[in-house]
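Here's the structure, in structure tokens; my notes come after.
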Amino acid sequence: MNSYDYIKKQDEAVFKTLEGEETREREGIELIPSENYVSRAVHEAQGSVFTNKYSEGYPGKRYYGGQPYTDEVENIAIDRAKKLFNAGFANVQPHSGSNANVAMYMALLSPGDTVLGMDLSHGGHLTHGHPVTYITKFFNFVRYKMKDIETGEIDYDEMRRVAIETKPKIVLAGFSAYPRELDYEKFASIAKEVGAYAVMDAAHIAGLIAGGVHKNPFDYGFDMITTTTHKTLRGPRGGLILTRESEEIAKKVDKAVFPGFQGGPLMHVVAAKAVAFKEALDPSFKIYAAQILKNAKAMEEVFKTRNVRMITGGTSNHLILADVFGSLGVSGKEAQSLLDTVGMTLNMNAIADDARGPMDPSGIRFGTPAITTRGFKEKECARVAELLIEALQNRTDKNKLDEIHGEIKKLCATFPIPDSFI
């Protein structure tokens with residue numbers, strides 16, 4: 001457990017929330033695929049003296065004095081990010097993945113330009129052009145979908161047709177709730193044919209790419225990758241923009257991030273990113289990334305055996321999207337709430353062409369990054385999948401739910417959250 005001695009002494013109300021969250025994480029199983037645990041080293045960097053420093057600008061080009069160590073740590077983070085993803089340039093300042101995407105749009109587009117991205121209902125992200133986001137007031141978004149929901153195959157022929165018709169400036173790959181791999185070669189080919197930039201939002205699978213178990217879009221001609229630094233990459237919550245080789249594009253990105261969109265960078269988070277990137281460069285991270293996929297496959301097999309429908313039929317990455325309403329008669333919202341009570345945290349999620357609303361959808365989304373960090377292997381992940389289904393099937397049986405909760409606590413005690421990964 002972390003030490004919060006000063007907070008405990010000074011602010012009991014906040015201390016209690018920290019203590020509660022520590023207990024929740026320690027005794028419960030984290031299945032949200034966009035969440036993970038960070039090392040104690042990342043915690044220390046994020047809570048470091050760098051939180052005191054304003055560092056508007058970039059290394060060697062700051063607007064305030066007193067920057068020798070901020071310059072040094074940001075350069076360390078940049079160099080490690082470039083090495084990790086085989087990139088020519090890196091901007092480590094975005095505060096989040098959404099900020100990274102907005103800055104990417106600002107760098108590459110003029111008002112009114114078109115972006116071709118994945119439809120939210122088929123797995124895309126809000127920042128890929130959902131009407132509720134402000135970015136749609138400035139740019140035009142058109143969408144592609146899956147051709148076959150049961151296999152997850154993207155309709156690349158339709159994507160090409162839409163691209164030729166609408167002439168997008170960006171062909172955007174990436175997703176928030178899509179359990180399969182993308183054909184980067186086809187994305188890059190379509191982008192090249194219409195004179196567009198090929199960009200990958202790798203927020204969910206950045207760790208799988210860095211760990212070498214998923215393909216790197218840069219190897220297929222992509223111009224840019226945006227990503228978060230948490231999720232499978234197992235770093236602090238933040239964003240990152242990578243450019244393959246064009247210095248001109250990289251300069252546009254830097255201007256878009258600052259002063260275009262953000263003020264001073266969060267240097268304590270940049271320092272934590274640097275630490276996390278070093279962890280991801282360690283050979284042990286490749287083993288971790290491979291285990292994420294093995295664990296997801298183990299959970300997939302249980303859902304297949306129990307005849308619970310999975311969108312795309314299963315998974316090729318770290319997450320599963322299950323139709324619990326169609327298979328078990330429980331909505332995604334009800335499932336999320338019930339599983340919280342037995343120590344399993346996941347999120348409700350719409351399934352493709354969901355007839356239910358987004359605040360009470362048909363599906364749940366869950367994944368294996370965090371439980372893999374705890375040391376779970378295939379056997380434990382299969383058991384978690386069984387317990388998840390049993391809880392939903394026995395949702396009115398308090399004794400059974402208590403029994404499941406007890407087993408979850410025992411699993412968590414057997415696999416405590418580690419302090420260090422290397």
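Read-outs throughout are calculated quantities, based only on the coordinates presented, and are distinct from any laboratory measurement. Quick caveat, the model's predicted, so the values are computed rather than measured. Counting neighbours? That spans all protein chains shown, and the Cβs are built from the backbone with ideal geometry, glycine included.
Modelled spin labels at residue 71 and residue 413, positioned 7 Å past Cα toward Cβ, are 5.4 nm from each other. A simple packing score, the average count of other Cβ atoms within 10 Å per residue, orders the peptides 46-52, 196-202, 263-269, 102-108 as 196-202, 102-108, 263-269, 46-52, with the highest score first. When DSSP assigns beta bridges and you keep just the ones with both residues in the chain, what percent turn out antiparallel, to the nearest 5? In the chain, DSSP labels about 55 percent of beta bridges as antiparallel. Stretching the chain fully between residue 167 and residue 393 yields a gain of 76.5 nm (0.36 nm per residue, less the alpha carbon separation). Centre-to-centre, using Cα atoms only, region 71-119 and region 210-241 are separated by 10 Å. Computed 3J(HN,Hα) for region 142-150, one whole-Hz value per residue from the Karplus formula 6.51 cos²θ - 1.76 cosθ + 1.60 where θ = phi - 60°, is 10, 10, 10, 9, 6, 7, 9, 5, 6, glycine and proline marked x.
Placing pseudo-labels 7 Å out from each Cα toward the beta carbon at residue 11 and residue 304 gives an inter-label distance of 5.0 nm.
For region 293-422, what log10 I(q)/I(0) values come out of the Debye formula at q = 0.12, 0.14, 0.20 1/Å, with one point per alpha carbon and no solvent? Taking Cα atoms of region 293-422 as identical point scatterers yields -0.43, -0.59, -1.18. Computed over the chain, the per-residue total of -39500 (n - 2.57) for DSSP H runs of n ≥ 4 gives a 222 nm mean residue ellipticity of -13500 deg cm²/dmol, rounded to 500. Annotation: amide H of residue 141 within the under-5 Å range of 115, sequence separation 5 or more or interchain, hydrogens built in the peptide plane.
Phi angles of region 366-373 translate, via the Karplus equation with coefficients 6.51, -1.76, 1.60 and θ = phi - 60°, into HN-Hα couplings of 8, x, 10, x, 6, 5, 5, 4 Hz per residue; Gly and Pro are given as x. For residue 344, nonlocal amide neighbours, meaning residues 5 or more places apart or on other chains whose placed amide H falls under 5 Å from its own, are 29.
If r is the Cβ-Cβ distance from residue 287 to residue 148 and R0 is 25 Å, what FRET efficiency results, to the nearest 0.05?
0.15
Does region 188-312 classify as rounded, prolate or oblate by the C-alpha gyration tensor (a ≥ b ≥ c root eigenvalues; a/c under 1.5 gives rounded; else a/b over b/c gives prolate, otherwise oblate)? In terms of gyration-tensor shape, oblate.
Here, region 47-281 is characterised by an Rg to Rh ratio of 0.97, where Rg is the alpha-carbon radius of gyration and Rh the Kirkwood radius.
Around the Cα centre of the chain, unit charges on the Cβ atoms of Lys, Arg, Asp and Glu (plus for the first two, minus for the last two) sum to a dipole of about 400 debye. Taken along the Cα-to-beta-carbon direction at a fixed 7 Å, the label points for residue 403 and residue 18 span 4.0 nm. In summary, no helical segment of the chain meets the span-like criteria, namely a full DSSP H run, a Cα extent along the axis of 20 angstrom or more and a mean Kyte-Doolittle hydropathy of at least 1.6.
Each residue of region 45-53 was assigned a 3J(HN,Hα) from its phi angle through the Karplus expression (A = 6.51, B = -1.76, C = 1.60, θ = phi - 60°), giving 5, 6, x, 8, 5, 5, 5, 7, 9 Hz with x at Gly and Pro. Simple point charges give the picture: +1 on the Cβ of Lys and Arg, -1 on the Cβ of Asp and Glu, and for region 222-278 a dipole about the Cα centre of about 340 debye. Taking every Cα-Cα distance in region 128-170 and sorting them into 10 Å bins from zero, the calculated P(r) comes out as 26, 43, 28, 2 percent.
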